[in-house]
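*Asks:* Input: one structure, supplied below.
The values are calculated or read from the model by the stated rules, or taken from the named source; none is laboratory data. These figures come from a predicted structure and were not determined experimentally. FYI the Cβ positions are ideal-geometry reconstructions off the backbone, even for glycines, and counts take in every protein chain you see. Surface areas here come from the heavy atoms of the whole protein model, side chains and all, with no ligands, DNA or RNA. Shrake-Rupley method; radii C 1.70, N 1.55, O 1.52, S 1.80 Å.
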Amino acid sequence: MRALDRAFRPLITIAICLQAAGGNLRAQTAVSIDPGGIVNAASYGAGAPLAPGSIAAAFGSFAGISATSATTLPLPSTLAGASIAFGNGQMAPLFFVSSGQVDFQVPWELSTVSQTTVTAAVNGQTSAPQTINLATFAPGIFSLNAQGTGQGAIQDTSYSVVDSSNPAVAGSTVVLIYATGLGPVSNQPGTGSAGPANPLARTTTTPVVTIGGAEATVQFSGLAPGLVGVYQINVLTPAASMNGSAVPVVLSMGGVDSNTVTIAVTGGTSPNPTPSIATLSPASASPGAASLQVTIGGAGFLPSSSVTFNGQTVQASFVSSGQLTATLNASQLAAAGSFSIDVRNPPPGGGASNAAYFIVQPDFSTPVPASVAWSGYARDEHHTALSLDQSQPLNQIRWSTPVDLAPQYTGGTLYIHYGSPLVTAANTVLVPVKTGAAGGFRLDAHTASEGALLWSVTTDYVLPPHDWIPEFGPTLTPSSRVYFPGAGGTVYYRDAPDSASGPQGQIAFYGTSYYQADPEPYAADVMISTPITSDSSGNIYFGFVVTGATPVPLQSGIARISAGGQGIWISAAQASGDSTITEVAQNCAPAINESNGTLYVAVSNNGAYGYLLALNSATLQPVAKMALIDPALKEAAQVPDDGSASPVIGPDGDVYYGVLDDGQNHYRGWMLHFDSLLSQSKTPGAFGWDDTPSVVPSFMVPSYTGASTYLLMTKYNDYYEAGGTGENKIAILDPEATETDPVTGATVMQEILTILGPTPATPEPGVKEWCINSAAVDPSTKSVFAGSEDGKLYRWDLQTNTFSQTLVLTPGIGEAYTPTLIGVDGTVYAINNAVLFAAGQ
């Protein structure tokens, strides 16, 4: 191992201090750290945790400081009058300070905490604290542009930068990668002190390094001698690397990936990867924009990747192997519609990615959630059931798998709400499965192509008190962590869901240590009672019930667990400001509007009456509430535990929630409609019982001439046994237009399209009822997918108002309502008679 100090120090100075010049140009008036302004000094990843021992940069306003670099070791804790302090009172060693940036080392001593605060001080003036998350591994590779992208701070053994003028030779060149945040080391130096040369400080975990898509052999991984917080990884450039002047380099430490940088490689043999799209951000826009930059997230991207929009090549920029940006021009955004975006890599190898669909629709002011995955109940945190993937034709059942190993029939009817399957961005299907007669659950992962079982994990989850069996509802976060309910109100998680194995764990929202110290009382009396919802940052939310005393005094309510594993909760009574409220409505999946930082959830007094609540999604503190009132009787509507209605957030921020009537509306219930602040009750829909409406962009209905930019798709049964006609329909409703309901005389949303179920309900009048609680919407084909108690799956073509395709799943059965969904490859999934069916071409 050679000494690196002389050769590498110019590189590291450039890598961690280059951005300071930009910071100096701002007017500085106070000492403050920018919100989210503390980042890994190599990757510059916003919002990512930091690792003890690593180098970080704080951006903000540090008035009165001239740009100054440390010149001595160990590093000083004060430089030019500036300092950084942590929540435990420890001072940070400083590399560099300026009026806009401070570079510092995160102390090794913080390895036992997952979160702390950071404050900056300049000549006695102190900033407000900023909270940061800490993790064992938070790898970042230094780059020469000091932005975490482009040419990496990577040298060969002669200490020359490995770029187009000095490419690595695949299979023979050893390269030295400089990074930070690689975690614990042997022979650890003191905080602020340089890495030792004899013996070396080696990482306790070996990183996985890929160059040009091929795994490299790691020869050394540890602290660079003579430097503070800088790690050095020596690897042999793999023979299978791809060639090029900007070949991607990524390292993974403990399952956590770094940013992507590039080097030049010659002589490689690996073909280019096939790219895949996981997210579009934004995923929607209004027509008439001059131009728009879309960030494409996924995998397998190259500097030579191209992007097409609606078949046209558009201007694209490479950010990393997992991110591209594409610029859409005014002509491409001129007309409303759903338009494909794909990424293409050149040969050798390469090829086109899956197509994700971008929605152009006037006034979609609350953006469509960006993931192409089906990440939870009704796809996303808004519960729109709006697919960004184009559905396949319903030509055949491609595969099927049970969702209930011991279904319990009551007079030939299944009274159970099966949890929604999920689909990852890499197209793995996650299926909640009931394993016993009265309970018992597991989560199975299947390949989407043929349904092969990839992995299965059981849970000790216990159902809450119930009549109809409630949902066992997992969720999938943007970082591909799957959460699912466990005993005692805990959640289990499983990472790497597309792999046969992956890290697992368990978290209790009231404190995992409390649960582990005395699990029995929690397991007996605390139960998750709703599907789990994840937001775009990986924070999760769910309702829970408490039936007895617990060591940490709990009451039925709403819980939040952050992406870092910290839990908070609030009781349903406190959240509603009504001491008579006993619970979150069973099966009511929380909805999250991140644009206004609001969580929406319904609560009730044992189903008799209740409220829709708006809570601060970060703190769970009450923001607003609206009593759930029957619009015909002007009295409290019912919020029964046998339903599965969940709030839906429209593109304009309006909120919709289904309730039940007392029989005067044929037990159709009402789809209540509120503004985003829950300050105004708007026109309701004439059906709401056990139903979560789906969002339909208005361009999907060519016959529509109204003013609303989106419509709602909902069940529209009229139950014969409750005094109705038995003419069970599904409907497209206009939330901004009205008509008179023929049953009650109430003013309700205007029907735009309705279609009658096709199968007679003999010997009763009318037709078989629709058995969906959330129907999948496909803007790219202008169609909706719904299942019926006749055992068939239907494609409802909104252009012709016909069932353009029908697929028989089972002979038919009466059952509680179930979801439909669309996978990344366009496979359509539906549940009938306790079986999940994968339908496609």
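*Asks:* Show Thr754, Thr308 ordered by accessible area, largest first, where the area counts protein heavy atoms only and the probe is 1.4 Å. Walk me through the numbers before you get to the answer.
*Replies:* Working: Thr754 40, Thr308 10 Å².
Of Thr754, Thr308, the descending order of accessible area is Thr754, Thr308.
*Asks:* Considering the options His666, Ala618, Gly643, tell which one lies farthest towards the positive end of the dipole of the stretch 618-668, charges being +1 on Lys and Arg and -1 on Asp and Glu at the Cβ, about the Cα centre.
*Replies:* About the Cα centre, the residue reaching furthest to the positive side is Ala618.
*Asks:* Please report the relative contact order for the stretch 86-200, taking Cα pairs under 8 Å with a sequence separation of at least 6, and give it as a percent rounded to a whole number. Write down the numbers at each step before the final one.
*Replies:* Working: 152 pairs, mean separation 23.6, N = 115.
About 21 percent, as a whole number.
*Asks:* Is the chain rounded, prolate or oblate when judged by the Cα gyration tensor, a ≥ b ≥ c being the square roots of its eigenvalues, rounded requiring a/c under 1.5 and prolate requiring a/b larger than b/c?
*Replies:* Since a/c reaches 1.5 and a/b is larger than b/c, the shape of the chain is classed as prolate.
*Asks:* Output wanted: per-residue J couplings in Hz (rounded whole) for the stretch 777-793, from phi through Karplus 6.51 cos²θ - 1.76 cosθ + 1.60, θ = phi - 60°, x for Gly and Pro.
*Replies:* So the J values, rounded to whole Hz, are 10, 10, x, 5, 10, 6, 9, 10, 10, 9, x, 10, 6, 7, x, 10, 9.
*Asks:* Separate question: Is it possible to state the helix-based mean residue ellipticity at 222 nm for the chain, with each DSSP H run of 4+ residues giving -39500 (n - 2.57), the sum divided by total residues, to the nearest 500 deg cm²/dmol? What is it? Spell out each step's value before the answer.
*Replies:* Values: 5 runs with 36 residues, N = 841.
Calculated mean residue ellipticity at 222 nm is -1000 deg cm²/dmol.
*Asks:* In addition: Considering only Ala627, Gln390, Ser371, whose Cα is most displaced toward the positive end of the charge dipole of the chain, charges sitting on Cβ of Lys, Arg (+1) and Asp, Glu (-1)?
*Replies:* Of the options given, the answer is Ser371.
*Asks:* Amide H neighbours of Leu711 under 5 Å, counting only residues 5+ apart in sequence or on other chains, H built in-plane at 1.01 Å?
*Replies:* Answer set, sorted by chain and number: Val696, Ser698.
*Asks:* Using a 10 Å Cβ count of at most 14 others and DSSP loop calls, identify the longest part of the chain lacking such trypsin sites (Lys or Arg not before Pro).
*Replies:* Numbers: sites that count: Arg2, Arg26, Lys634.
Longest stretch, sites excluded: 27-633.
*Asks:* Take the alpha carbon gyration tensor of the stretch 636-789, find the square roots of its eigenvalues, order them as a ≥ b ≥ c, and report rounded if a/c is under 1.5; if not, report prolate when a/b exceeds b/c, else oblate. Write out the running numbers ahead of the final one.
*Replies:* Values: a/c = 1.61, a/b = 1.19, b/c = 1.35.
It comes out oblate by the Cα gyration axes.
*Asks:* Post the alpha-carbon centroid distance, the stretch 608-624 to the stretch 85-156, in whole angstrom.
*Replies:* 36
*Asks:* OK, next. Find how much the distance from Ser499 to Glu520 grows on full extension, using 0.36 nm per residue of separation minus their present alpha carbon separation; answer in nm with one decimal.
*Replies:* Details: separation 21, 0.36 × 21 = 7.56 nm, distance 3.28 nm.
Length gained between Ser499 and Glu520: 4.3 nm.
*Asks:* What whole number of Å gives the distance from the Cα centroid of the stretch 812-839 to the Cα centroid of the stretch 413-477?
*Replies:* Measuring centre to centre over Cα atoms gives 13 Å.
*Asks:* Could you name the lysines whose alpha carbon sits less than 23 Å from that of Lys434, not counting residues in the same chain fewer than 8 places away?
*Replies:* List returned: Lys792.
*Asks:* At a Förster distance of 35 Å, what's the computed FRET efficiency of Gln115 paired with Asp460, Cβ-Cβ distance as r, to 0.05?
*Replies:* Working: r = 28 Å, r/R0 = 0.80.
After rounding to 0.05, the efficiency reads 0.80.
*Asks:* So, one more: Treating only the Cβ atoms of Lys and Arg (+1) and Asp and Glu (-1) as charged, compute the dipole magnitude of the chain about its Cα centre; round to the nearest 20 debye. Please list the in-between numbers first.
*Replies:* Numbers: 23 positive and 55 negative charges, 582 e Å.
The calculated dipole for the chain is roughly 2800 debye.
*Asks:* To the nearest Å, what is the center-to-center distance of the stretch 232-258 and the stretch 762-810, using C-alpha atoms only?
*Replies:* Computed from Cα coordinates, the inter-centre distance equals 49 Å.
*Asks:* Would you please give the residues with an amide H less than 5 Å from that of Ile38, counting only those at least 5 places away or on a separate chain, with H modeled from the backbone geometry?
*Replies:* So Ile38 has HN proximity to Phe59.
*Asks:* Here's something else I'd like to know. Relative contact order for the chain using alpha-carbon pairs under 8 Å, separation at least 6, rounded to a whole percent?
*Replies:* Values: 2564 pairs, mean separation 67.0, N = 841.
After rounding, I find 8 percent.
*Asks:* Right, here's the next one. Considering only protein heavy atoms and a probe of 1.4 Å, how much of the accessible area of the chain is carbon and sulfur, as a whole percent?
*Replies:* Values: 14200 of 28150 Å².
Solvent-exposed carbon and sulfur of the chain make up 50 percent of the total.
*Asks:* State, to one decimal in nm, how far the label point of Gln147 lies from the label point of Ala67, with both points 7 Å from Cα in the Cβ direction.
*Replies:* Spacing of the two 7 Å Cα→Cβ label points: 1.7 nm.
*Asks:* Non-local amide H neighbours of Gly268 (under 5 Å, H modeled in plane, Pro and chain starts lacking H): which ones?
*Replies:* Ala170, Asn243
*Asks:* Which pairs break 23 Å Cα to Cα here: Lys715/Lys768; Lys634/Lys768; Lys634/Lys682; Lys715/Lys782? It would help to have the intermediate numbers written out before the result.
*Replies:* Values: Lys715/Lys768 12 Å; Lys634/Lys768 31 Å; Lys634/Lys682 14 Å; Lys715/Lys782 18 Å.
Over 23 Å Cα-Cα: Lys634/Lys768.
*Asks:* How large is ³J(HN,Hα) for each residue in the stretch 677-683, as worked out from phi by the Karplus curve 6.51 cos²θ - 1.76 cosθ + 1.60 (θ = phi - 60°), to whole Hz, x for Gly and Pro?
*Replies:* 8, 6, 9, 9, 8, 10, 4
*Asks:* Quick one: length gained pulling Leu756 to Ser579 fully straight, 0.36 nm per residue minus the C-alpha distance?
*Replies:* On the way: separation 177, 0.36 × 177 = 63.72 nm, distance 4.39 nm.
Fully extending the segment from Leu756 to Ser579 adds 59.3 nm.
*Asks:* Just to confirm the number: angle between the C-alpha axis of helix 5-17 and the first principal axis of the chain, 0 to 90 degrees, nearest 10?
*Replies:* The answer is roughly 40 degrees.
*Asks:* Taking R0 as 30 Å, what FRET efficiency do you get between Leu633 and Leu677 from their Cβ-Cβ distance, rounded to the nearest 0.05? It would help to have the intermediate numbers written out before the result.
*Replies:* On the way: r = 25 Å, r/R0 = 0.84.
Once rounded, the FRET efficiency stands at 0.75.
*Asks:* Also, quick follow-up: Accessible area per residue for the chain in Å², computed with a 1.4 Å probe and the full protein assembly in place, what is it? Don't skip to the answer; put the middle values down first.
*Replies:* Details: 28150 Å² over 841 residues.
It amounts to 33 Å² per residue over the chain.
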